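Report on the following structure.
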Amino acid sequence: MTYSTHAFDPDPRNESIQIDINGELIPRSEAKVSVFDSGFVLGDGVWEGLRVHAGPDGKGVIAFLERHLKRLYNGAKTLDFDIGVTRTELTQRLYQCLDANNAHEDVHVRLMVTRGVKSTPYQDPRATISPATIVIIPEFKRPAPSTATAGARLFTVHIRRGFPDVQDPKLNSHSKLNCILACIQATKAGADEALMLDPQGFIATCNSTHFFLVRDGEIWTSTGDYCLGGITRSIVLDLARENSIPVFEKNFSLHDVYGADEAFITGTFAGVSPVTEVDGRSLTKERGPSVEKLQKLYKDRIKTEVARGR
């Protein structure tokens, strides 16, 4: 069974993790939210996936936390609800949860914030009767080693990334149904991840990662108009520019993808991962030199980030 860049080996420590729900640590087997919670009833909330690496003192450091929190709070502002704690307070809560679980290396955190509990299962935000619900789930997850070298297989789905006046794809909301449908279609086609087009038919993004290609020494990715403002995506763009690698955010089609020299996807969990096949067309048999170089640059940036400590 395929899991794209989110493939990992099960870790028995995850069975006994403590999950933070609204500031209270609760064993995994007992962790619950109300059936009236806005996130459960309507997908009304925002979330972030965070990666933890051991810092200079051995304690876990959340990489690029400032960028993630900025996106989270901007998302809550768009949905017009108050998270209820400051960024400093939420940062403290995140690290207290990591310390309580002795989770300092190869850890992935799911941070979820919903509008809160409703008086009745109805969409109107005015039916909300509690402060926002904040859940922190830390898990021991190491990306499968093959993710960095073997290469993912993508399938272009008919599900599009839509216009922002329908549901803005830049909003990292709990409502991810279009991505789920895209993932289902790609899985049915025997692929690892879905490649999604924008309303004009140009490449937009993947269902859970961002897509890049390499042509004649240049790196191309989408304009970003129809995809989430990816943290890893933005860091890869920065790294390319800092290292004099030509990089372009532009419109391009499947014709350009099929003729690419290399391709790769980015995400918080696995970083930079090669793509070797799109729609049955083989791009490369293995990880190419450009992808390998960007992987090294990204790992070095992680080391620099983590060296700052908490």
- Could we say that Ile19 is more than 25 Å from Glu305 (Cα to Cα) and either outside any loop (DSSP other than H, G, I, E, B) or modelled with pLDDT under 95 (or both) here? yes
- Item | strands (runs of 3 or more DSSP E) (entirely within region 104-197) containing at least 3 residues that are more than 16 Å from the chain's Cα centre (by Cα) and either surrounded by fewer than 15 Cβ atoms within 10 Å (Cβ to Cβ) or of a type in the set (A, V, I, L, M, F, W, C) (or both) | 133-140, 152-156
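Looking at region 15-26, can you tell me whether even one residue there is touching a residue at least 24 places away in the same chain (Cβ under 8 Å), small (Gly, Ala, Ser), buried (at least 16 other Cβ atoms within 10 Å of the Cβ) and closer than 23 Å to Asn102 by Cα? Spell out the reasoning first.
Start the filter on region 15-26 by keeping residues that are touching a residue at least 24 places away in the same chain (Cβ under 8 Å), which leaves 17-23, 25.
With small (Gly, Ala, Ser) added as a condition, the list becomes 23.
Pick out the ones that are also buried (at least 16 other Cβ atoms within 10 Å of the Cβ) and you get none.
The answer is no; no qualifying residue exists.
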- Message: Can you find a residue that is over 23 Å from Lys303 (Cα atoms), aliphatic (A, V, I, L, M), out of contact with any strand residue (DSSP E or B) (no Cβ under 6 Å at 6 or more places or on another chain) and touching a residue at least 12 places away in the same chain (Cβ under 8 Å) anywhere in region 86-103?
- Response: yes
- Task: Might you let me know whether region 44-52 holds any residue that is surrounded by 14 or more Cβ atoms within 10 Å (Cβ to Cβ), over 20 Å from the mean Cα position of the chain (by Cα), among the charged types (D, E, K, R) and at negative phi?
- Result: no
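So which residues in region 27-43 are loosely packed, with under 13 Cβ neighbours inside 10 Å, more than 19 Å from Thr128 (Cβ to Cβ) and not small (Gly, Ala, Ser), if there are any at all? Give the steps one after another, and end with the answer.
First pass over region 27-43, keeping only residues loosely packed, with under 13 Cβ neighbours inside 10 Å: 27, 29-30, 32, 35.
Retained after the next criterion (residues that are more than 19 Å from Thr128 (Cβ to Cβ)): 27, 29-30.
Passing the criteria: Pro27, Glu30.
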- Count, please, the residues in region 54-70 that happen to be outside any loop (DSSP other than H, G, I, E, B) and buried (at least 18 other Cβ atoms within 10 Å of the Cβ). 6
- Kindly establish whether Thr209 is in contact with a helix residue (DSSP H, G or I) (Cβ under 9 Å, 6 or more places away or on another chain), under 28 Å from Val291 (Cα atoms) and crowded, with 20+ Cβ neighbours inside 10 Å. yes
- Query: Does Ser119 satisfy being in contact (Cβ under 8 Å) with a residue 60 or more places away in the chain and assigned by TED's automatic domain parsing to the domain that holds Asp80?
  - Reply: yes
- Among residues belonging to region 198-222 that are in a loop (DSSP other than H, G, I, E, B) and under 15 Å from the mean Cα position of the chain (by Cα), point out the one that is nearest to Arg160 (Cα to Cα). Asn207
- Hits in region 4-14 (condition: in a loop (DSSP other than H, G, I, E, B) and surrounded by 13 or more Cβ atoms within 10 Å (Cβ to Cβ)): Ala7, Asp11
- First in region 161-187 and in the same structural domain as Asn207 (by TED's automatic domain parsing) and within 14 Å of Leu79 (Cβ to Cβ), second anywhere and at pLDDT 95 or above and among the hydroxyl-bearing types (Ser, Thr, Tyr), Cβ under 7 Å, 6 or more apart: Leu171/Thr78; His174/Thr114
- Query: Mind checking which residues of region 79-103 are within 16 Å of Arg67 (Cα to Cα) and within 20 Å of the chain's Cα centre (by Cα)?
  - Reply: Arg87, Leu90, Thr91, Leu94
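The values are calculated or read from the model by the stated rules, or taken from the named source; none is laboratory data. The shown structure was predicted, so the numbers you read here are calculated from the model rather than taken from an experiment. Heads up, the Cβs are rebuilt from the backbone with ideal geometry, glycines too, and the neighbour counts pull from every protein chain shown.
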